[in-house]
Each structure stands twice: as structure tokens, then as C-alpha cells.
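Working notes, beginning with the structure itself.
The values are calculated or read from the model by the stated rules, or taken from the named source; none is laboratory data. Everything numeric here is computed off the predicted structure, so don't read it as measured data. Ideal geometry is used to build each Cβ from the backbone, glycine not excepted, and the neighbour counts take in all protein chains shown.
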Amino acid sequence: MGNEAIARGAVEAGVKVVAAYPGTPSSEIPNTISKIAKKYGIYFEWSTNEKVAYEVAFAGAVTGLRSMVTMKHVGLNVASDAFMASAEVGVEGGYVVVSADDPSLHSSQNEQDNRYYARLANIPCIEPGSPQEAKDYTIKAFEISEQYKMPVMLRTTTRVNHTRGDVELGDILSLERTPKFEKNPRRYVTVPTNARVLRENIIKKMDSFKSDLDTIEGKGSLGVIASGIAYNYVKETLLLLDVEAEIYKVAVTHPLSNAIIDFLNRHDDVIVVEELEPIVETEVRSMAQKENIPVTIYGKDIVPRAFELNTTRVANAFRKYKNLPLEEVREFDIPARPPILCPGCPHRASFYAIRKAAPKGIYPSGIGCYTLGFVPPLSAVDSCLCMGASIGFSCGLSEFVSDKIICTIGDSSFFHAGIPPLLDAVYNKHTFVVMILDNETTAMTGHQPHPGTGITGMGESVRKIYPEKLTEAMGIKTDVVDPHDVKRTIEVLKEAVKSDELRVVIARRKCIFLEGAERKNPYVVTDECTGCRLCLNQLGCPAIEFVEGKAVINELCNGCGVCAQICPSNAITGD
């Protein structure tokens, strides 16, 4: 997998520090490192959020150790404050910042193009287009970082992260370095007087930047400039349409090499193919304008700007260029299968209880498995902006509307970004109910540990941090419930909603897929079933079907018993 190749590249490069917060499509990189960290003498940690992860890894790089931080694209929003400052401060050991972008929003709330961040911070950005390049470019990124003493962004996309391919491995570099922090306030203390000097230094570094990673291949009157995964689609398209072209493959998308100027001079027409924003295209157009090159440049006028590219979309762009009929995208008559909470998931019972406790309430939420509470019939998620925003958003809503508010946030998300807005709620006397859905893991991204699990990324047992200890220390009345005890959960929520004060309710039960999670034999439906469909219409559990007017529980059932508790006919039984 591309992500595993990045992990291998980091190991081959002699990485000694890796920090991360999990986020698809980046999660398999730190997952892989966590399994082998001790073997290769790597310090690895799952940090509480991306900003902390960035700062931990940056500290390693400042002390001379090769370091890496990984995150999904929106994670860099969280880390951006440290990211921007670190670019000008610079590093001693190589420092690679992996930003995994998500075109087509497979598992994200947006598809921002983080190549803009590399330009904003004025650091090099390298884009692999295959698992082999993912490994090789990771190694190269460490070398470039060390050469220019600045962070280097390795920007990937979902297709590169998750595609699989043969990868030729290399030797593992043994770097015996003793970490040391050399005091240098003029460099590390970014007050304005120092920062002005650092600003000039980074401009000089980038002006002197050179790389040999870009390649040129093929022959033809048409020129094509492609980067990342788009290069693969271009190659397939040229074969498919029998078009001859010279291809300039951009590996370093910031700063662009001046070799592109010579390439532009050789062609009358050039097509720029890149996923998402016209970043390379804009730079290429600028080069052509500055050099007065009489070349016609095509880009987002024919290549789609939104969502992932593929061979069909790229081929259609070339068909537009050649004024050929476009290929129609075939639609397959298959049922829609949106993601849904798993059978036995404790969140299903929590959302059911929320709807019962405040049927006309407002339900802000956030990013995680619990986002799926928006899917009917639960329909208990009214907003989702980002990690931690459910609480911050509720702070504002509670001041502007009179509706009862119950917001939800996961345990990992609470530690990640939920504590500051909860402090704001206490400080500014906001009134609403926070329900922390504590399934004792970071479930959606692959069951990584967090401060509330008692396990570190290195597999060591540590003291668990309980959310209720934090909330009680803030002076918030807090209740802990088992969401599978439906009656008590509803009672506690009703009392919290009526109290007209800031309240926290923690719904704690292990994710059904965690070791030690309680599983029972599947429940069964008796002849007492009246076919009222309440179990189906209010829970939406995929283990419940309707056959010939009666409920039937299938083999997906994990025996949580929630359906039995809400059945008005007592027609569902189990052990």
C-alpha cells in the first residue's frame, strides 16, 4: 500500500521520531510505524491532535533527529499555526510533513488542496504518484529537508495512499545521532525582530532551491504537464486515444523547476493535468507570461477541478482539446449503500435516547463514527463542521436560539478539540447538554488508542484519563451511563435537558469490535411481533429486516438487546 511504502521510506531514511493523529487517508502510515517502532529505535506517539503531533515531531527535527508527522489534509488546518512558524525557524534533522489529501471527499468534509499550504509556508512540496514513488520520494524529502534545513511537505492523495503495487526496497540507513537542543533565541524565539530575519532567510533558501526529481518522457508536438496520480491517467489516456505527446512529470510541485520554461518553448500547445486546484497550471501560465513564450496552455478549462480524476475524466479532457465526442460515463443500476452504524454500536442507542429526551431539540455533532447519526431513521445530527465544533457551535447556538441543544462528540474528538470549547461554555455560562460518546477508541480511523484508552502508540500501559474527571474539575455536573441501558440513558438525558444549566452526559460502552467488548448471542423475534416496524423505523439497525410483515433478526446481530428494550410488544428476546 502507498501508505506502507511511505512508512518503509521513512525507516530506510533513518527516521527516529514519528508523531500523528489518525485520519483517513493517512492512518496506515503511523499504524505501520507503531508496529515496528521499537524494532528500529523509533520514538512513536499517537498525539492528542495534529498540532501537538506537529510540535512533537518538530522538536525531534530541531534536535537533529530525522522526524516525520502525518495527518489528513484537514489535520493541517489544526497544525497550521505551528506549521507556519516552523517553516521560518527551520530544522537540523530532516523533517517530513505528510499531508494526505482526499479528492472526492471519500472520508472528509472538504477536498482542500494542501499544496496551497506549502506555498503559504514557502516550503518544498513533493508529490508521489505510485507506491514506489511514495517510498522513494519520502527518502528524498528527508534529504532535501536536511540540505535546506526546512520542513518538506510530502503531499499525497487518497488514490496514492491506498493503491497497492510492487515496491523495490532499499537498505535501511543507520544514523547514530545524539539529539541536542542548541540554544539560539534569535532563531527559535519568533518575536517580530527575529521573525523578520527568518522571513528573509526562507526566501533566500527557496530562491536557491534545486531538485532533480522531475522527469520528461515521450515525443510529440503536444506537451503535457502532469503531477502526482494524474500522471498515471495521462499515460493511460495517451495509449487509449493513440495520441503522441511529450510528458513533463512534475514531482516537486513547489517550487516549480525552471526546466519547465524549456519545455514550454518546445510546444505550441500544453495541457496541464492535476487533481483539484489549478496550482501548477497557474505557475506555468506565469512562467509563460514572464518569458513571453507563445504557447497555448490548457488546464481547468478542460480538466475537471472538483473531485478525483480518473482515466475517463482525463480522456474526456483530451477529447475536448481535440474536439472529439466525449465518452459517456456509464451509470450502473445498483442500490445505494450509504455508511451506517454497525450492529451493536453503542452510538445507535445514544442517538435513540437523544431523540426521546429532546424530540424537538437541536443536535450539533462532529467528525467520527457518530457523524453517522445523521442517517435516517436516527436523524440526530443537525450540524457537522470539524473536530470539536459541536461544542463550540453549541456555545453560540445556546445564546441565539431557545431550543434545547444536545450536542455529541466522541471520546477521541473530545481530547482532540473538545476541551477548549467546553471551557468556553463554562466561562461564558452557556447552557446546553454535551453527550460524550465514549466507545474507548478512535474507531472510524482504525481503532487507534488515545489518552482515554490507557495505551500509548508504543503499546505501553499508562494511566487512563477519564473525561468525567476533566469535566467535574471544570465544575460541570456529569453523569456516566451505559447507552445499552436505554431507559436510564433517556431518564438522565431528560433530567439534564430540563436542568437549564451546562451538563455533560458520558455514554460509555466499548466499540463492538474492540477486544473485550460485550457480545451476546443474536436476539430472536417471537410470534408476538405485530409488524409495527418501530424497531426498524427508530433504530435502523442493519441486523433487523422485515419479511412478510414481521421483523426478522439476521446473522449480523451482536446481541446488544436495544431493540428488545424498545419493542412495544415485548416480541424480541435473547439471553
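Can you tell me how many residues within segment 394-420 are surrounded by 21 or more Cβ atoms within 10 Å (Cβ to Cβ) and over 21 Å from the mean Cα position of the chain (by Cα)?
Qualifying residue count for the region: 6.
Here is a list: G549, G559, G531. Which entry is on the phi > 0 side of the Ramachandran plot and crowded, with 18+ Cβ neighbours inside 10 Å?
The conditions single out G559.
Residues are listed down the side, and each one gets a yes or a no for (1) basic (K, R); (2) more than 14 Å from S145 (Cβ to Cβ); (3) part of a helix (DSSP H, G or I):
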position: R8; (1), (2), (3): yes, yes, yes
position: N31; (1), (2), (3): no, yes, yes
position: K35; (1), (2), (3): yes, yes, yes
position: Y40; (1), (2), (3): no, yes, no
position: V78; (1), (2), (3): no, yes, yes
position: A85; (1), (2), (3): no, yes, yes
position: E88; (1), (2), (3): no, yes, yes
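Which residues, counting only those in segment 300-343, are closer than 30 Å to C563 by Cα and more than 23 Å from the chain's Cα centre (by Cα)?
Result: I334, P335, A336, P343.
Select, from D212, D242, the only residue that is without any contact (Cβ under 8 Å) to a residue 12 or more places away in the chain and under 25 Å from G9 (Cα atoms).
The unique qualifying residue is D212.
On the basis of being at pLDDT 95 or above, loosely packed, with under 15 Cβ neighbours inside 10 Å and over 30 Å from E45 (Cβ atoms), does K477 make the cut?
Taking the combined requirement at face value, the residue satisfies it.
Can you go through A57, A19, A61 and tell me which one is closer than 23 Å to K140 by Cβ, touching a helix residue (DSSP H, G or I) at 6+ places or on another chain (Cβ under 6 Å), of a type in the set (A, V, I, L, M) and not assigned by TED's automatic domain parsing to the domain that holds H450?
The match here is A19.
Read through the list (1) surrounded by 15 or more Cβ atoms within 10 Å (Cβ to Cβ); (2) over 32 Å from the mean Cα position of the chain (by Cα); (3) hydrophobic (A, V, I, L, M, F, W, C); (4) not assigned by TED's automatic domain parsing to the domain that holds H447, then give the number of the only condition that I490 fails.
(4)
Looking at segment 451-472, is at least one residue buried (at least 20 other Cβ atoms within 10 Å of the Cβ), under 21 Å from Y363 (Cα atoms) and not aromatic (F, W, Y)?
Scanning segment 451-472 turns up at least one residue that is buried (at least 20 other Cβ atoms within 10 Å of the Cβ), under 21 Å from Y363 (Cα atoms) and not aromatic (F, W, Y).
Return the residues of segment 116-157 that are touching a strand residue (DSSP E or B) at 6+ places or on another chain (Cβ under 8 Å), among the polar types (S, T, N, Q) and in a helix (DSSP H, G or I); say none if nothing qualifies.
Correct list: T138, S145.
Any residue at all in segment 242-255 that's of a type in the set (A, V, I, L, M, F, W, C), outside the structural domain of D102 (by TED's automatic domain parsing) and out of contact with any helix residue (DSSP H, G or I) (no Cβ under 8 Å at 6 or more places or on another chain)?
Within segment 242-255 (the criterion being of a type in the set (A, V, I, L, M, F, W, C), outside the structural domain of D102 (by TED's automatic domain parsing) and out of contact with any helix residue (DSSP H, G or I) (no Cβ under 8 Å at 6 or more places or on another chain)), the answer is yes, since at least one residue qualifies.
Determine whether segment 522-539 contains at least one residue that is β-branched (V, I, T), at pLDDT below 95 and touching an Asp or Glu at 6+ places or on another chain (Cβ under 9 Å).
Scanning segment 522-539, I find no residue that is β-branched (V, I, T), at pLDDT below 95 and touching an Asp or Glu at 6+ places or on another chain (Cβ under 9 Å), so the answer is no.
Here is a check on your reading of the model: is P294 without any contact (Cβ under 8 Å) to a residue 40 or more places away in the chain, outside the structural domain of L222 (by TED's automatic domain parsing) and either surrounded by fewer than 16 Cβ atoms within 10 Å (Cβ to Cβ) or part of a loop (DSSP other than H, G, I, E, B) (or both)?
When the stated conditions are applied, P294 does not pass them.
Please find, among A53, A61, the residue that is within 18 Å of the chain's Cα centre (by Cα), surrounded by 24 or more Cβ atoms within 10 Å (Cβ to Cβ) and either at pLDDT 95 or above or not in a helix (DSSP H, G or I) (or both).
A53
So is S107 surrounded by fewer than 21 Cβ atoms within 10 Å (Cβ to Cβ) and either assigned to a helix (DSSP H, G or I) or out of contact with any Cys (no Cβ under 6 Å at 6 or more places or on another chain) (or both) or not?
Yes: the conditions hold for S107.
Looking at segment 158-188, which of the residues that are assigned to a helix (DSSP H, G or I) and of a type outside the set (D, E, K, R) is surrounded by the fewest Cβ atoms within 10 Å (Cβ to Cβ)?
Ranking the qualifying residues of segment 158-188, first place goes to P185.
Answer with yes or no whether N316 is within 30 Å of A245 (Cβ to Cβ), in contact (Cβ under 8 Å) with a residue 60 or more places away in the chain and not basic (K, R).
Considered against the rule, which asks whether it is within 30 Å of A245 (Cβ to Cβ), in contact (Cβ under 8 Å) with a residue 60 or more places away in the chain and not basic (K, R), N316 comes out as no.
Taking the condition of being touching a Pro at 6+ places or on another chain (Cβ under 9 Å) and under 18 Å from I126 (Cα atoms), how many residues in segment 54-67 meet it?
0
Restricting the search to segment 408-433, which residues are assigned to a strand (DSSP E or B), touching a Gly at 6+ places or on another chain (Cβ under 8 Å) and hydrophobic (A, V, I, L, M, F, W, C)?
Scanning segment 408-433 gives a single hit, I409.
Those residues that are free of Cβ contacts under 8 Å to residues at least 40 places away in the same chain and either in contact with an Asp or Glu (Cβ under 7 Å, 6 or more places away or on another chain) or of a type outside the set (A, V, I, L, M, F, W, C) (or both), I need them from segment 113-161; list them, please.
Scanning segment 113-161 gives a single hit, Q147.
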